[in-house]
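Structure first, commentary second.
Nothing in this text is a laboratory measurement; each read-out follows from the coordinates by a stated rule. As the structure is a prediction and not an experimental result, all values here were calculated from the model. Glycine gets a Cβ as well: all are built from the backbone with ideal geometry, and neighbour counts include every protein chain shown.
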Amino acid sequence: MAEVVLPQEREATKKWWRKRLGGAKETGVPNAVWQMERKLARHDLFYLLVVVLKRGDIDRDWLFARCREVQAKPNGYVDLWSREHYKSSIITCGLTIQDILNDPEVTIGIFSHTRPIAKGFLRQIKREFEGNEDLVRLFPEICYKNPQHESPKWSEDDGLIVKRKTNPKEATIEAWGLVDGQPTSKHYKVLLYDDVVTEKSVTNPEMIKKTNDAWALSLNLGTAGGARRHAGTFYHFNDTYHTMIERKAAIPRIYPCTDDGTVDGEPVLLTREALAAKRREFGPYIFGCQMLLNPIADKAQGFQKEWLAYWPARNVQGLNLYIVVDPASKKKTTSDYTFMGVVGIGEDGFYRIVDMVRDRINLTERADLIFKWHRQYKPLLVGYEEYGLQADIEHIKDRMDRENYRFHVVDLGGKVKKEDRIRRLIPLFEQGRMLLPETCWKRNYEGENQDLTKIFINEEYLPFPVSHHDDMLDGLSRIVDLKTQQPGKQVSKSGPSRTNTSMRRLRGRR
């Protein structure tokens with residue numbers, strides 16, 4: 001493409017086309033105009049789309065800029081553009097066809113979350129090669145006049161083969177799903193990922209992991225020196241596109257529907273009225289994901305990254321310590337997690353997370369850890385989520401009797417909505433008074449070592465209020481229910497926040 005220097009303004013580019021084509025016509029050289037048309041189609045993606053593929057709807061300044069950008073740097077990016085902003089038309093359809101016109105020996109694998117989605121993209125390309133007379137006229141050495149009968153393979157299931165000299169086992173273009181049957185023993189020069197994430201792939205962390213693993217596995221289907229392209233829109237704060245970016249597998253190229261990525265920003269392509277209609281139809285969360293490309297852009301963001309503060313979590317001297325427990329009901333992969341934490345309050349009024357566990361653990365394991373931590377940290381109080389305590393109290397009391405080791409347990413309840421309960425932590429984080437351990441490595445019930453600090457930040461803190469799991473945030477918010485005291489200050493005579501029947505049971509029967 002270096003042989004053609006293209007103007008960087010849309011109207012200047014169109015004048016440039018006319019000048020080149022007019023100049024070719026004036027030479028009187030046979031086929032001069034035809035050769036110039038071929039050259040433009042191969043080296044100007046905007047020309048290919050607007051003129052050859054007759055996509056007059058792409059003849060707009062913002063889309064012209066995207067064509068130029070994609071053509072200059074087509075590979076190694078994850079292009080995240082708002083819905084209806086033509087990423088598939090430009091990248092998956094236009095750029096793919098241009099690749100074939102420049103190199104009919106290329107092999108391209110289109111991957112989407114499921115194969116029917118990928119076939120939809122292949123179908124659009126298939127129709128162009130079948131019905132676009134200009135493609136056949138300009139590139140007869142590549143395009144069949146009647147591909148259904150002349151091509152060795154020409155179907156959505158088997159892929160499309162254009163005229164080529166080599167005979168690889170891969171078709172020129174094939175369409176596959178990531179999670180419903182990837183191909184085996186195939187390798188493509190171009191791996192093209194479009195819509196690998198859908199609303200069904202982010203319904204829970206297990207589905208997100210399944211898509212992540214399928215995408216990682218599909219990378220083996222490329223070739224040495226081959227290219228990768230990604231296009232899509234966000235569906236969740238921790239979806240596979242975020243994983244690609246986090247692993248530095250692709251460079252993000254993100255274009256929301258407004259110039260500053262906010263609801264009130266200036267629209268880049270659609271009208272303000274059209275965006276307002278979509279905002280009403282989609283709702284705030286879907287609009288934030290699909291149009292603003294930020295799952296929490298249009299909701300009241302609870303927590304901000306710059307509020308995070310840390311401490312080494314080694315020396316607890318001088319801290320008043322408390323244990324909070326928020327148990328899950330069942331030990332199974334579909335249930336929420338039990339959260340247990342040790343929180344220390346210093347004379348400075350800062351809250352320090354000393355230790356924590358987020359896992360799927362049963363009643364006996366919870367009790368084991370409570371007794372272990374109580375002996376180790378000597379907390380002033382143990383706060384226990386009310387309904388969980390009702391289920392666990394008899395076992396805890398029995399352990400106290402058997403081990404002759406007693407301590408106060410306060411039930412933590414109330415009718416506050418979970419999101420509102422969690423938002424009580426906002427002032428503590430905003431003021432920098434909630435300190436996380438720099439690392440907190442724990443082995444979970446599956447035997448996997450995890451850094452709970454990282455999990456807390458990436459899976460709960462930053463995505464809130466749209467995270468799939470919020471067990472750690474909810475459990476940590478229970479510290480607000482306890483009447484905690486800073487060292488050196490007089491303890492309130494009122495004592496713990498609540499001492500109801502559950503508390504009295506632990507003191508002995510009346």
(message) Run lengths n ≥ 4 of DSSP H only: what is the helix-derived mean residue ellipticity at 222 nm for the chain, with -39500 (n - 2.57) per run over all residues, to the nearest 500?
(response) -10000 deg cm²/dmol
(request) Write out the GluC sites (Glu not before Pro) in segment 1-85 meeting two conditions: DSSP loop, and at most 10 other Cβ atoms within 10 Å of their Cβ. (result) Glu3
(request) Could you check the simple spin-label distance between Lys210 and Asn167, using points 7 Å along Cα→Cβ, in nm with one decimal? (result) 4.0 nm
(request) Would you mind ranking Asp99, Asp259 so that the residue whose beta carbon has the fewest other beta carbons within 10 Å leads the list? (result) Asp259, Asp99
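Using Cβ contacts closer than 10 Å as the measure, can you line up Ile396, Ile110, Ile254, Ile117 from fewest to most?
Ile254, Ile117, Ile396, Ile110
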(message) Give me the one-decimal nm value for the distance between modelled label points at His408 and Tyr445, 7 Å along each residue's Cα-to-Cβ direction.
(response) 3.2 nm
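Need the full-extension length gain, Glu9 to Gln35, defined as separation in residues times 0.36 nm minus the C-alpha distance. One decimal, nm.
7.0 nm
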(message) Below 11 angstrom from the Cβ of Phe456, what's the summed charge of the other residues (Lys, Arg +1; Asp, Glu -1)?
(response) -3
(request) Give me the Debye-computed log₁₀ of I(q)/I(0) at q = 0.30, 0.34 Å⁻¹ for segment 377-417, equal point scatterers on Cα only, no solvent, two decimals. (result) -1.09, -1.16
(request) Write out the GluC sites (Glu not before Pro) in segment 135-219 meeting two conditions: DSSP loop, and at most 10 other Cβ atoms within 10 Å of their Cβ. (result) Glu141
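Suppose R0 equals 35 Å; then what is the FRET efficiency for Gln390 and Asn220 from their Cβ-Cβ distance, rounded to the nearest 0.05? Intermediate results must be reported in sequence, preceding the final value.
Details: r = 51 Å, r/R0 = 1.47.
Once the sixth-power term is evaluated, E becomes 0.10.
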(message) Loop only by DSSP, 12 or fewer other Cβ within 10 Å of the Cβ. Give me the trypsin sites (Lys or Arg not before Pro) in segment 51-142 that pass, ordered by residue number.
(response) Lys54
(message) From the convex hull of the Cα coordinates of the chain, what is the mean projected area in square nanometres?
(response) 29.6 nm²
(request) Go through Lys119/Lys145; Lys119/Lys186; Lys87/Lys165; Lys39/Lys73; Lys87/Lys200; Lys73/Lys278 and tell me which ones have a Cα-Cα distance over 28 Å in this structure. (result) Lys87/Lys165; Lys73/Lys278
(request) Quick one: angle between helix 115-131 and the longest Cα principal axis of the chain, in degrees between 0 and 90, rounded to 10, please. (result) 10 degrees
(request) Choose one of Gly226, Tyr384, Ile125: the residue whose Cα lies farthest towards the positive end of the charge dipole of the chain (beta-carbon charges +1 Lys, Arg; -1 Asp, Glu; about the Cα centre). (result) Tyr384
(request) Set the Förster distance to 30 Å, then compute FRET efficiency between Lys378 and Glu430 from the Cβ-Cβ distance, nearest 0.05. (result) 0.45
(request) Could you please report the charge total around Trp34, scoring K, R as +1 and D, E as -1 over all other residues with beta-carbon less than 14 angstrom from its beta-carbon? (result) +2
(request) Report the paramagnetic label zone for Ile254: residues of segment 61-87 whose backbone N is under 19 Å from a point 7 Å from Cα along the Cα-to-Cβ axis. (result) 66, 70, 76-87
(message) For a Förster distance of 35 Å, can you work out the FRET efficiency between the beta-carbons of Lys145 and Ser185, rounded to the nearest 0.05?
(response) 0.60
(message) Starting from 0.36 nm per residue, how many nanometres of slack lie between Asp420 and Ala277 once their C-alpha separation is accounted for?
(response) 48.6 nm
(request) Run down the lysines and flag those whose C-alpha is under 29 Å from the C-alpha of Lys397, throwing out any fewer than 8 positions away in its chain. (result) Lys330, Lys331, Lys332, Lys372, Lys378, Lys415, Lys418, Lys442, Lys483, Lys493
(request) Would you mind checking the tilt of helix 10-26 against the longest principal axis of the Cα atoms of the chain, expressed as 0 to 90 degrees and rounded to 10? (result) 20 degrees
(message) Take Asn458 and Trp311, extend 7 Å from each Cα along the Cα→Cβ direction, and tell me the distance between the two endpoints in nm.
(response) 2.6 nm
(message) About the Cα centre, and with charges only on the beta carbon of Lys, Arg (+1) and Asp, Glu (-1), how big is the dipole of the chain? Nearest 20 debye, please.
(response) 900 debye
(request) Could you line up Val78, Val197 from fewest to most neighbouring Cβ atoms inside 10 Å? (result) Val78, Val197
(request) Measure nothing but the geometry: give the 0 to 90° angle between the long axis through the Cα atoms of 32-43 and the longest principal axis through the Cα atoms of the chain, rounded to 10°. (result) 10 degrees
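Sort the following peptides by mean Cβ neighbour count (other Cβ atoms within 10 Å, averaged over residues), highest first: 283-293, 228-238, 364-374.
228-238, 283-293, 364-374
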(request) Multiply the residue separation of Arg127 and Gln485 by 0.36 nm, subtract the distance between their alpha-carbon atoms, and state the gained length in nm to one decimal. (result) 121.7 nm
(request) Just need log10 I(q)/I(0) for segment 305-507 at q = 0.11 Å⁻¹, Debye formula, equal scatterers on the alpha-carbon atoms, no solvent, rounded to two decimals. (result) -0.48
(message) For the chain, give me the percentage of DSSP beta bridges that are antiparallel, rounded to the nearest 5 percent.
(response) 40 percent
